[in-house]
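The values are calculated or read from the model by the stated rules, or taken from the named source; none is laboratory data. What you see is a predicted model; the values in this text were computed from it and never measured. Reconstructed Cβ throughout: ideal geometry from the backbone, glycine too, with neighbour counts over all protein chains shown.
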Amino acid sequence: MRILVLVLASLLAGCAPKEPAPPPAPVKTEAELRREKWFGPEIARKPGIEWRSSGLGIEVLVPGEGLAPQRTDKVRLHYRVKLVNGKEADSSYARNKPLEATVQHLITGWAAALPSLRPGGKGVFYIPPLLGYGGVQAGDIPPNSALICEVELLEVMPQ
């Protein structure tokens with residue numbers, strides 16, 4: 001009888017519920033890995049940023065009102081450009097003089113992101129190196145730098 005009880009106990013022990021397997025680790029896409037490489041994991045996962053396939057990130061803080069700028073429009077804006085390490089590389093605020101330029105003459109990332117704002121709008125543009133200055137040194141911006149640009153669109157002057 002003891003043997004029968006031991007055999008039954010062994011069989012039943014094999015039928016007991018097992019610890020569920022841990023869920024598989026989420027697999028990151030190539031785009032997510034690039035964002036982490038350029039901007040760090042915290043920014044790459046930050047909610048509220050619209051990431052485009054080009055690697056450009058747009059975070060609209062205040063949408064503004066009126067007409068969005070087109071590529072051939074001249075715009076007046078204030079901006080602050082920072083490197084990923086937080087160092088400020090350029091600022092129209094520091095000069096107390098807004099920038100006036102035609103959208104298509106700005107760096108590629110800005111030209112692509114500006115239509116997401118309207119006059120009075122503010123946003124943060126996360127510019128990967130190829131949409132910024134690429135391999136070129138630009139003032140205090142080293143070659144192949146990702147940029148974090150705070151932009152305040154003051155005015156759109158259609159051509």
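Descriptive notes on the structure:
- Elements of type strands (runs of 3 or more DSSP E) in segment 29-122, at least 3 residues being buried (at least 18 other Cβ atoms within 10 Å of the Cβ): 57-62, 74-83
- Number of residues in segment 123-159 that are within 18 Å of the chain's Cα centre (by Cα), part of a loop (DSSP other than H, G, I, E, B) and of a type in the set (D, E, K, R): the value is 0.
- Residues that are out of contact with any Lys or Arg (no Cβ under 9 Å at 6 or more places or on another chain) and among the β-branched types (Val, Ile, Thr) were ranked within segment 123-159; the one that is surrounded by the fewest Cβ atoms within 10 Å (Cβ to Cβ) is Val136.
- Annotation note: Cβ proximity below 8 Å between a residue of segment 28-46 that is under 17 Å from Leu83 (Cβ atoms) and a residue that is among the basic types (Lys, Arg) and in a helix (DSSP H, G or I) (sequence gap 6+ or interchain) occurs for Ile43/Arg35; Ala44/Arg35.
- If only residues of segment 70-101 that are of a type in the set (Ser, Thr, Tyr) and touching a residue at least 40 places away in the same chain (Cβ under 8 Å) are counted, the one that is nearest to Glu42 (Cα to Cα) is Tyr79.
- In segment 74-89 there is at least one residue that is touching a Lys or Arg at 6+ places or on another chain (Cβ under 8 Å), over 29 Å from Glu30 (Cβ atoms) and at pLDDT 95 or above.
- Scanning segment 67-99 for residues that are of a type in the set (Asp, Glu) and under 20 Å from Ile148 (Cα atoms) yields Glu88, Asp90.
- Single unsatisfied condition, Ser116 versus (1) without any contact (Cβ under 8 Å) to a residue 40 or more places away in the chain; (2) out of contact with any helix residue (DSSP H, G or I) (no Cβ under 7 Å at 6 or more places or on another chain): (1)
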